[in-house]
Structures are given as C-alpha cells and as structure tokens.
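Please read the structure below before turning to the comments.
The values are calculated or read from the model by the stated rules, or taken from the named source; none is laboratory data. Not measured: the values here are computed from a predicted model. In this analysis, Cβ positions are derived from the backbone assuming ideal geometry, glycine residues included, and neighbour counts consider all displayed protein chains. The protein model used for the area step is the full one, side chains on, heavy atoms only, and it has no ligands, DNA or RNA in it. Shrake-Rupley method; radii C 1.70, N 1.55, O 1.52, S 1.80 Å.
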Amino acid sequence: TSVDTIYVSSGDSSKVKPAVTLAENIFHSDKTKNYNGMTHQIIGASGNKMLQVSYGSSTISLQGTGTSLWDTAAPSAILFALGGKVTDYFGNDLVYGTNKGQLGNKRGVISSAPGAKGVHLDMVEAMGKDYGILSLRD
C-alpha cells in the first residue's frame with residue numbers, strides 16, 4: 001500500500017538543499033518505499049517550519065546547519081508534547097544546556113509530525129548513507 005504524499009518544509013538556504021534533494025529521492029523517486037510523492041514547502045523562520053509540522057501542515061521539516069539551539073528549543077517542546085520527534089540529521093536528540101559555547105545545530109535538524117516516525121527514520125537512514133551529509137558528522 002502507498003503512504004500519503006509527504007509534505008516537507010524547509011527554507012531555501014544552500015545549507016539545506018542537499019537534505020531536500022535527498023528527501024525528494026526518498027519520497028518521490030524511490031519506488032521501494034511506497035511513498036506517494038513529496039511536496040516541498042519553502043517556509044521562512046526555523047520555528048515556523050517546526051510549527052507547520054506541529055499544526056499538521058508539514059509531515060517533516062528539514063533545517064540546515066545554520067540554526068541555533070534557541071531557534072529550535074520552544075518548537076521542539078511543542079512537538080514533543082504532541083508526540084512528534086526532533087533529531088539531528090543522524091537521529092541523535094538535540095542537546096540543550098550541556099554544551100557551553102555550542103549554540104548551533106551543527107548537524108542539521110529533522111522534525112516530524114506525530115505518526116510520522118517511519119518517515120523520520122527513513123530520512124535519518126538515508127542521511128547516514130549520503131557522503132555529502134556524512135561530512136557534517138563530528
């Protein structure tokens with residue numbers, strides 16, 4: 001059976017374009033995944049992208065390496081309360097308050113709506129196999 005169309009929100013920064021291209025390959029082109037295509041939504045402001053996921057307007061949000069922890073803290077709390085998920089590109093939780101001097105989400109951010117765990121995991125799995133994305137790893 002086919003999964004509904006995946007709505008991916010992101011900005012239009014060059015820092016996120018490789019992740020968006022990867023999402024297109026998974027959700028639009030990869031016939032082994034049973035996805036029914038992808039619609040890309042360009043949305044401004046980091047928190048707004050994540051709120052679109054909370055509202056159900058987007059299935060997932062992809063943010064590049066230029067966001068800061070303060071951009072994602074409040075929207076992450078909202079998503080967690082609703083049952084959504086927020087990680088870096090490699091599936092690791094974002095860490096708040098323990099990395100003094102480290103305020104950036106240097107490994108990108110994926111947020112997903114409640115019920116979109118499989119979509120999130122497919123994206124993380126693909127990120128871990130992409131050489132360009134792998135260069136972001138510590």
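Quick look at the numbers
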| read-out | value |
| --- | --- |
| The stretch 97-111 - residue that is at pLDDT 80 or above and more than 9 Å from the chain's Cα centre (by Cα) and, of those, surrounded by the fewest Cβ atoms within 10 Å (Cβ to Cβ) | Lys106 |
| Residue check for Gly37: touching a Ser or Thr at 6+ places or on another chain (Cβ under 8 Å) and small (Gly, Ala, Ser) | yes |
| Evaluation of Ile26 against (1) without any contact (Cβ under 8 Å) to a residue 40 or more places away in the chain; (2) under 18 Å from Met123 (Cα atoms); (3) not acidic (Asp, Glu) (one fails), failing number | (1) |
| Selection count, the stretch 77-96, where residues are surrounded by fewer than 23 Cβ atoms within 10 Å (Cβ to Cβ) and over 11 Å from the mean Cα position of the chain (by Cα) | 12 |
| Residue list for the stretch 4-23, restricted to those being closer than 20 Å to Lys117 by Cβ and touching a residue at least 60 places away in the same chain (Cβ under 8 Å) | Ile6, Ala19, Leu22, Ala23 |
| Count - residues of the stretch 115-138 that are acidic (Asp, Glu), modelled with pLDDT under 90 and closer than 16 Å to Asn25 by Cβ | 1 |
| Entirely in the stretch 1-70, the strands (runs of 3 or more DSSP E) that have 2 or more residues that are open to solvent by 10 Å² or more (accessible area, probe 1.4 Å) and either modelled with pLDDT under 90 or touching a strand residue (DSSP E or B) at 6+ places or on another chain (Cβ under 8 Å) (or both) | 38-42 |
